[in-house]
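Colleague: Quick one: this structure, given as structure tokens, is what I'll be asking you about.
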Amino acid sequence: MGKIGIFGGTFDPPHYGHLIMANEVLDALRLSQIWFLPNRIPPHKQHEQVTRSEDRLRMLELAVAGHPRFHIETIELEREGPSYTYDTIRQLTAMHPDDEFYFIIGADMVEYLPNWHRIEELVELVTFVGVKRPGFSMETPYPVIEVEAPQFAVSSSLIRERVKSGQTIRYLVPEDVRLYIEEKGLYGARTSVADCERAADGATLRAYAWRCRDGR
């Protein structure tokens, strides 16, 4: 039997806070693997604009590359409509009956658990793991395993805003994710000539040659 951590989210974009959180839970609970679960349409974000699934998936692939126990599960991207955790966990437990699943959430979502779709049935299928965060209560009527993690006060919305305003996101996201954001022009990103000129390896220079030549 494998002990699998499920970490859902839009990952728009994925950042080091996500990776730290996942790795701390992996270590604290001695899990076999962490499966990152990118959402298609989170129920609580149905009226928000979300970056294309293809781009979010590629950024997530770049973010987790190199970690032998980090994997990506695309089951929600392959299903139409809102991504309800209950439906996903039911499908995963049917597909992997010999595995035990732990669903990772931040402290902000612990407070919101009473509002989750079919929560009474969901807690019978999966063990919730709440990662503590300053300013949020871990009190809930539902069973939640609490895990401590180093604080990394960065959010995907902050990164999007910084990109849009031309501020640096270096060291907030994995370098390959940063370069992908610039390459695709996500969140209003522009590649600076100086950044191109400072690129250390030839592969990076070749990848961004067209932007460097055009001064973008």
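The values are calculated or read from the model by the stated rules, or taken from the named source; none is laboratory data. Worth saying up front: this structure is predicted, and the values here are computed from it rather than measured. FYI the Cβ positions are ideal-geometry reconstructions off the backbone, even for glycines, and counts take in every protein chain you see. Surface areas here come from the heavy atoms of the whole protein model, side chains and all, with no ligands, DNA or RNA. Shrake-Rupley method; radii C 1.70, N 1.55, O 1.52, S 1.80 Å.
Colleague: Tell me the carbon and sulfur percent of the accessible area for region 72-118, rounded to whole percent, probe radius 1.4 Å.
Modeller: 44 percent
Colleague: If you don't mind, there's one more thing I want to ask. In Å², what does the accessible area per residue of region 37-131 work out to with a 1.4 Å probe?
Modeller: Per-residue value: 51 Å².
Colleague: Per q in 0.24, 0.27, 0.32 1/Å, what log10 I(q)/I(0) does a Debye calculation on the alpha-carbon atoms of region 93-140 return?
Modeller: The Cα Debye sum returns log10 ratios of -0.90, -1.03, -1.23.
Colleague: P(r) tail for region 15-110, what percent of Cα pairs lie past 18 Å?
Modeller: Result: 51 percent of Cα pairs exceed 18 Å.
Colleague: Among residues other than residue 147 whose Cβ falls under 10 Å from its Cβ, what is the net charge (Lys/Arg +1, Asp/Glu -1)?
Modeller: Around residue 147, the surrounding residues sum to -3.
Colleague: Please list 3J(HN,Hα) in residue order for region 61-78, calculated via the Karplus relation 6.51 cos²θ - 1.76 cosθ + 1.60 where θ = phi - 60°; whole Hz, with x for glycine and proline.
Modeller: Result, ordered by residue: 4, 5, 5, 9, 4, x, 8, x, 10, 9, 9, 10, 10, 9, 4, 7, 5, 8 Hz.
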